[in-house]
Amino acid sequence: MEQFEEEEEQQPSDQSDLLTGSQDQVEDEEKPSQGQEGNSGDEWDTDLETDSATDQKQSQSRAELYLQACQRTGSVPVSSFLRNLGDTNLNLNHYGVGPLGTKALAIVLQTDNTITNLELEENSLGPEGTRYLTEMLQTNITIQSLNLSNNQLGQEGAYTISKMLSENYYVKSLKLSGNYFDDVAAKYFADALKGDYVIKELDLSHNMFSFTGGQHLGHMLAANVGIEVLNLSWNPLRLGGAMAVSAGLKVNSTLKQLDVSWNAFGQMEAESLGQALKNNRTLVLLDLSGNHVDDQAVTLLCQGLITNDTLGTLKLSQNPLTNIGALTLLKTVKNNMKSALEEIDISTVFVNEEFVELLEEARQKRPALDVRHSAMSYVTRNLSALQILRKFLSERNESIMDFFEALDKEGTTNVSTSDFRKAVKAANIPLDQQQLEWLLRKFDKNCTSTIMYSLLSCRRNRG
């Protein structure tokens, strides 16, 4: 706590103070030379026009106001803004707006009542441009969605935004991906969002939150009563930081989607998530792609999936999972009759025939279940063997059970694997050697060289 207080003391205590120093410099640059036509620039006593100056400009069109603002700030007008006047969505991503260009936009937007979504990703805004935007948001009550991703905001920008969040009543979606936010910045955001109910969607991906940053965000999750979508992907969250996020999720009552893909969640972190899923009743999507989740970690995660009845989507691609972990996961979901899971992404896991058969069995009771997985071509070929056998026999008006009974001369309900192999070849059933061996392993699971066909599930296919 003492460390944070020292860090905070280095930050300006009043946002208006932050603007004063840079404003004088901008004014000097904006003043026209003697003899140049136009206003003297003395009227620009504050960073953003207010009161009588604003009233005068409200009578002008937004285009005129914007062009004047660009002229006085020395910034180049963005043609896309002029072409899309009147649209509720203002997308200026990747336009190189810069701090002064942002100031010109802020002058126009402070009294705008049309734009609801403002996109300013990758525009080199820096902390200065962020200050202009947050000052604008003190009067603008229309903008509900703001994208400031990839703008090199750093700690100073995080501090400015956190102050805005403390007084925010209108912005519901905030994207801040890729802004070099560290653990100190995480505390700024956490302190501002504890108890907040306005922000519904928050993107903090591609930043640098680690141990203490994760702890701050976890404490925020435990107290926040508004966020529904949280993106923490591509951060080095692990150990205590990751487990703190899980602890926050455990008691959170509003979060619906959590993206922690491409972090460093392993066995301990997966176990903490499993414990969170035992209690959480709001999360519907969990993205763990690109972590360190192996077969043991999935087993620990499944401790929560055994009883969870709200999670609908689970993403686990790009993890060191094998068919063993995939089977554990599928069996857990299949056995939980109240499970809401309908979409599971393990698309980078190569599964075997047992998994595919179990999935088909699960889908008979839950047709909506979609499990994305990978399989080698031989797995698909082997799985077709049983269908080939059935089709061949049906053309002779026989069932698989009839085929076995014909081989069982003494009526013991047992047939040796060698007799079955010889009979298949003698009947010219179109199975290759690999398919035939797979069928034998399927019928003789205990490798006793004997097929107890009376116990086979294929009994229901008789006649």
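The values are calculated or read from the model by the stated rules, or taken from the named source; none is laboratory data. Remember, it's a predicted structure, so these values are computed and weren't measured experimentally. Cβ atoms come from the backbone with ideal geometry, glycine included; neighbour counts cover every protein chain shown. Only protein heavy atoms, including side chains, enter the accessible area calculation; ligands, DNA and RNA are left aside. Shrake-Rupley method; radii C 1.70, N 1.55, O 1.52, S 1.80 Å.
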Problem set entry | Extension gain (nm, one decimal) between Leu85 and Lys278, 0.36 nm per residue minus Cα-Cα | 64.5 nm
Exercise. Taking the Cα-to-Cβ direction at Met208 and at Gln152 and moving 7 Å from each Cα, how far apart do the two end points lie in nm?
Worked result: 1.5
Problem set entry | Per residue accessible area of the chain, 1.4 Å probe, in Å² | 47
Seminar exercise, completed: The extension gain from Lys331 to Asp370, computed as 0.36 nm times the residue separation minus the Cα-Cα distance, is 12.6 nm
Problem set entry | Under DSSP loop assignment and at most 16 Cβ neighbours within 10 Å, longest chymotrypsin sites (Phe, Trp or Tyr not before Pro)-free interval of the chain | 198-463
Exercise. Can you list the residues, at least 5 places off or on another chain, whose amide H is less than 5 Å from the amide H of Ile451, using H built in the peptide plane?
Worked result: Val415, Ser416, Thr417
Problem set entry | For the stretch 245-256, 3J(HN,Hα) per residue [Karplus equation, 6.51 cos²θ - 1.76 cosθ + 1.60, θ = phi - 60°, Hz, x = Gly/Pro] | 4, 5, 5, x, 4, 4, 10, 5, 10, 10, 5, 10
For this session: Give me the percent of the accessible area of the chain that comes from carbon and sulfur atoms, probe 1.4 Å, all protein chains in place.
Result: 47
For this session: Just flag the GluC sites (Glu not before Pro) in the stretch 102-190 sitting in loop per DSSP whose Cβ has no more than 12 other Cβ atoms within 10 Å.
Result: Glu167
Problem set entry | Candidate lysines - alpha carbon under 17 Å from Lys391, same-chain residues fewer than 8 apart omitted | Lys425
Problem set entry | Karplus-derived 3J(HN,Hα), 6.51/-1.76/1.60, for each residue of the stretch 80-91, Hz, glycine and proline x | 4, 5, 5, 6, 10, 4, x, 6, 6, 10, 10, 9
Exercise. Taking only Cα atoms, what is the 0 to 90° angle, nearest 10, from helix 323-335's long axis to the longest principal axis of the chain?
Worked result: 90
Exercise. With axes computed from alpha carbons, what is the tilt in degrees of helix 353-365 against the longest principal axis of the chain, rounded to the nearest 10 within 0 to 90?
Worked result: 80
Exercise. Given the rule -39500 (n - 2.57) for each run of at least 4 DSSP H residues, summed and divided by the residues of the chain, what is its mean residue ellipticity at 222 nm, to the nearest 500 deg cm²/dmol?
Worked result: -14500 deg cm²/dmol
Seminar exercise, completed: From the Cα centre of the stretch 326-352 to that of the stretch 266-324, the distance in Å is 11
For this session: Using semi-axes √(5λ) of the Cα gyration tensor in Å as the read-out, say which of (1) 59, 37, 20; (2) 65, 24, 17; (3) 42, 22, 20 was calculated from these coordinates.
Result: (2)
Exercise. What's the center-to-center distance, using Cα atoms, between the stretch 135-151 and the stretch 361-401 in Å?
Worked result: 55
Exercise. Hey, which lysines would be in cross-link range of Lys187, C-alpha to C-alpha under 26 Å, not counting anything within fewer than 8 residues on its own chain?
Worked result: Lys163, Lys172, Lys175, Lys200, Lys250, Lys256
Exercise. In sequence order, what are the phi-derived ³J(HN,Hα) couplings for the stretch 378-394 according to the Karplus relation 6.51 cos²θ - 1.76 cosθ + 1.60 with θ = phi - 60°, rounded to whole Hz, with x for glycine and proline?
Worked result: 5, 5, 4, 5, 5, 5, 7, 4, 5, 5, 5, 4, 4, 5, 4, 5, 5
For this session: Considering only DSSP beta bridges where both residues belong to the chain, give the percentage that are antiparallel (nearest 5).
Result: 10
Problem set entry | Exposure rule at most 13 other beta-carbon atoms within 10 Å, DSSP loop trypsin sites (Lys or Arg not before Pro): the chain longest free segment | 1-280
For this session: Within the stretch 344-400, report the GluC sites (Glu not before Pro) that DSSP leaves as loop and that have at most 11 other Cβ atoms within 10 Å.
Result: Glu395
For this session: Evaluate the charge dipole of the chain about its Cα centre and quote only its size in Debye, nearest 20, assuming +1 on the Cβ of each Lys and Arg and -1 on the Cβ of each Asp and Glu.
Result: 3940
